[in-house]
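Worksheet: the structure to be examined is printed underneath.
Readers should treat all values here as calculations from the given coordinates under stated rules, not as data from a laboratory. The structure displayed is predicted, hence computed values, not measured ones. Virtual Cβ from ideal backbone geometry, glycine too; neighbours counted across all protein chains shown.
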Amino acid sequence: MTGHHPQTRAVHPPVIAPEGSRPMAVPIYQGHLFAFDAADDLAAAFSGPDEAFFYARMGNPTVRSLERAVTELEGGAGALATASGMGAINAVLTSLLRSGDHVIAQTALYGGTYGLLNDLADRWGVEVTFIAGDDPAEVRDALRPTTRILYLETVANPTTHVTDLPALTAAVQGTDVLTVVDNTFTPLLCKPIEHGVDIVVHSATKYLSGHGDVIGGVAVFADQDVHRRVWHHALDLGCTADPFSAWLTVRGLATMPMRVARQSASALDLAMRLADHPSVTRVHYPGLPDHPQHEVAQRLLPDGAGGVLAFELTGGRDAGRVFSEAVELISLGPSLGNIASLVMHPASTSHRQMDAASLAAAGIGEGTVRLSIGLEHPDDLWPDITQALAKAT
C-alpha cells in the first residue's frame, strides 16, 4: 500500500494468514465479506454449502467449524448452523413442506415446535396428525400419500418421554417420508442418525454451548442432497448463525462430554430422592425403573438419561408456581443444559400455547415442574429442593 494516501491505507490493512503453523483454537472470523481474484470463482461460491466463503450469511469459517464438528458428533453428512434452535426447526420444516403436505408428530413436543406446526397448519394448509409416539403401528396408520415428515424428540420436553427411534423410523422405511428428531436433550448420549433418522436438530443454546451465553441451533443431515436443499432455503430465511455465537458453541463442545456425564449422574441421584418425597406424586426421568420407557432408554441412552427431569406436585398449578419461586440456589428461568440448575413451570411458560386438553394429551400436568440439573453438587441442590417443597405443600 506504499504510495497511497493514509485514508486509503487505513481502509486496507494487511490480512495475515498463518504460515508455517496453525491455530490450536478455532479463530473468530468476524468479517462478513470475502474477496476473490477471479469472477468465475465468486460465481461458483454461490452454488452450495461447501464452496468458497463469500458472504457470512451463506458461510463463514468459524460457523463451518461448528457445522463440521457437530456433523462428526452426530455421524451425519453435513450440517447447518442457525441463529437459534427454532431457526433450525423452521429452516427444516419450511424448506421441506408446502401447502397440502402432511406431518406426523408426537404429541409431547417442545411448545415452540407445537406452535410452529399449528401455524403451518393455519397459514399454509399443512395437515398435522399427532401420535403418542409409542407404537410403530400409530405411524403406519397415520401415513398418507401426502406425508412428508415424521417429527419426533429423542426425549420429550418436559415429560421425558423416550421415543423408540429404531422402531418408529422403521415404520416409514421404503417411503419418501423424512424423519426429523430433536436431540437437544441428549447430545452424545444418543445418535439418532445411527437409528435411521434423516435430520437431527439441536438447540445449541442448551448442552452444545452449555454456559448460558449463546443463542443458536444446528440441523444435521444424513443425506447431502437434503442438506443442500435446506441450506439454500435457510439463506433466504436469513436464519444462519453468526460467527461469535458459533465460536462460543465450538468452545463449549470441548467440555460437553464431561458436563453431560456429570449432569446425567446428578439428575438420576435427585430423581431417586424426589421419588421418595411425600409431596411428589410422580417423577418423570428415564433413568428410573418405573419410567414408562425405561427399557427403551436403556437401549438408546446406555451412558445416561440426560440432565432434565420433571415431577408432579400434589398441590397442582399453585404448588408448581410456589415451588418455582421458593428455590434459592436453583434459578427460576427458561432453557436447560446450563452449567447452573434451572427450574420452570411448563404449563404457564414454555407450553403456555397449549390448552388444558393439549397439556393433558402431552402428559403435562398443572403441577408439573421441570428441573434442568447443572454442575452443582447434588448434596447442595437437595436441601434447596426440599425447602421449596415444604413451602409448596
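Quick one: 3J(HN,Hα) in Hz for the range 329-340, Karplus 6.51/-1.76/1.60 with θ = phi - 60°, rounded, Gly and Pro as x.
With the stated coefficients, the range 329-340 comes to 6, 7, 9, 7, x, x, 6, 6, x, 7, 5, 9 Hz.
Dividing the convex hull volume of the Cα atoms of the range 39-253 by its residue count, what figure in Å³ per residue is obtained?
Dividing the Cα hull volume of the range 39-253 by its residue count gives 113 Å³.
Multiplying the sequence separation of Phe244 and Asp355 by 0.36 nm and subtracting their Cα-Cα distance, what value in nm do you get?
So the chain would gain 36.2 nm between Phe244 and Asp355.
For Ala340 and Ala170, what is the calculated FRET efficiency with R₀ set at 41 Å and r taken between the beta-carbons, to the nearest 0.05?
0.55
Give, as a single signed number, the net charge of other residues whose beta carbon lies under 11 Å from the beta carbon of Leu97, with Lys and Arg counted +1 and Asp and Glu -1.
0
Counting each DSSP H run of 4 or more residues in the chain as -39500 (n - 2.57), what helix-only mean residue ellipticity at 222 nm follows after dividing by all residues, to the nearest 500 deg cm²/dmol?
The per-residue figure over the chain is -11500 deg cm²/dmol.
In a shell of Cβ-Cβ distance under 9 Å around His284, excluding His284 itself, what net charge do Lys and Arg (+1) and Asp and Glu (-1) give?
Within the 9 Å Cβ shell, the charges total +1.
Glu19 versus Asp276, label points 7 Å from Cα toward the beta carbon: distance in nm?
Using points 7 Å along Cα→Cβ, the separation is 6.8 nm.
By how many nm would the segment from Ser99 to His4 grow when fully extended, if each residue of separation counts as 0.36 nm and the alpha-carbon distance is taken off?
Taking 0.36 nm per residue and subtracting the Cα distance, the gain is 28.4 nm.
Based on the Cβ-Cβ distance of His294 and Tyr55, what FRET efficiency does E = 1/(1 + (r/R0)^6) give at R0 = 51 Å, to the nearest 0.05?
Rounded to the nearest 0.05, the efficiency is 0.55.
Could you give the dipole magnitude of the chain about its Cα centre, charging the beta-carbon of Lys and Arg +1 and that of Asp and Glu -1, in debye to the nearest 20?
In debye, rounded to 20, the chain gives about 600.
Under the Karplus relation 6.51 cos²θ - 1.76 cosθ + 1.60, θ = phi - 60°, what is the ordered set of whole-Hz ³J(HN,Hα) values for the range 123-140, x standing for Gly and Pro?
Result, ordered by residue: 9, 9, x, 6, 8, 10, 10, 9, 10, 5, x, 9, 10, x, 4, 4, 5, 4 Hz.
Between Ala390 and Ile28, how high is the FRET efficiency from 1/(1 + (r/R0)^6) when r is the Cβ-Cβ distance and R₀ = 41 Å? Nearest 0.05.
0.30
Tell me the trypsin sites (Lys or Arg not before Pro) within the range 223-300 that lie in a loop according to DSSP and have at most 13 other beta-carbon atoms within 10 Å.
Counting only loop positions with at most 13 other Cβ atoms within 10 Å, none of the trypsin sites (Lys or Arg not before Pro) in the range 223-300 qualifies.
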